[in-house]
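**Student:** Please find one structure pasted underneath; my questions will follow.
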Amino acid sequence: MSIKPIDIQTLFSHINQVGKEQAAQKDALLMQQTVAGSEIAEETQRQDESVNDTKATSDGPGVVDEEGSSSRHQGRKDRKKRDDSKKEQKQVFTDPNLGTHVDIKG
């Protein structure tokens, strides 16, 4: 199937129209990006100038469990137990005379 002269004439007449449409599409995309950027800039400017609302606080880590003890206090108890166990592990034989005599020689 070959291209006939009438087809070439039709294609040449549509070249200008196709070029204009493609240029308009490129410009439209650029314009959309510009508008979106300016909207974001205006919104951030408004947020910077306005007073911010406070957010509601949650119950937090101090919630009481079923046994009636607070989770904060439970964490402290566990920490104390770990510290005590570390102290017990660190106990090493110490010399009772160590540090009792001061040697002054010049």
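Listed here are the residues, each with its yes/no results for (1) over 34 Å from the mean Cα position of the chain (by Cα); (2) of a type in the set (Asp, Glu); (3) loosely packed, with under 10 Cβ neighbours inside 10 Å; (4) modelled with pLDDT of 80 or more.
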{"residue": "15", "(1), (2), (3), (4)": "yes, no, yes, yes"}
{"residue": "27", "(1), (2), (3), (4)": "yes, yes, no, yes"}
{"residue": "36", "(1), (2), (3), (4)": "no, no, no, yes"}
{"residue": "51", "(1), (2), (3), (4)": "no, no, yes, yes"}
{"residue": "70", "(1), (2), (3), (4)": "no, no, no, no"}
{"residue": "87", "(1), (2), (3), (4)": "yes, no, yes, no"}
{"residue": "90", "(1), (2), (3), (4)": "yes, no, yes, no"}
{"residue": "99", "(1), (2), (3), (4)": "yes, no, yes, no"}
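**Student:** Quick check on the stretch 1-13: of everything there that is part of a helix (DSSP H, G or I) and of a type outside the set (A, V, I, L, M, F, W, C), which residue is surrounded by the fewest Cβ atoms within 10 Å (Cβ to Cβ)?
**Tutor:** Here the residue is 5.
The values are calculated or read from the model by the stated rules, or taken from the named source; none is laboratory data. Computed from a prediction, not measured in an experiment: that's the story for all the values here. Note that each Cβ is placed from the backbone with ideal geometry, even for glycine, and that neighbours are counted across all protein chains shown.
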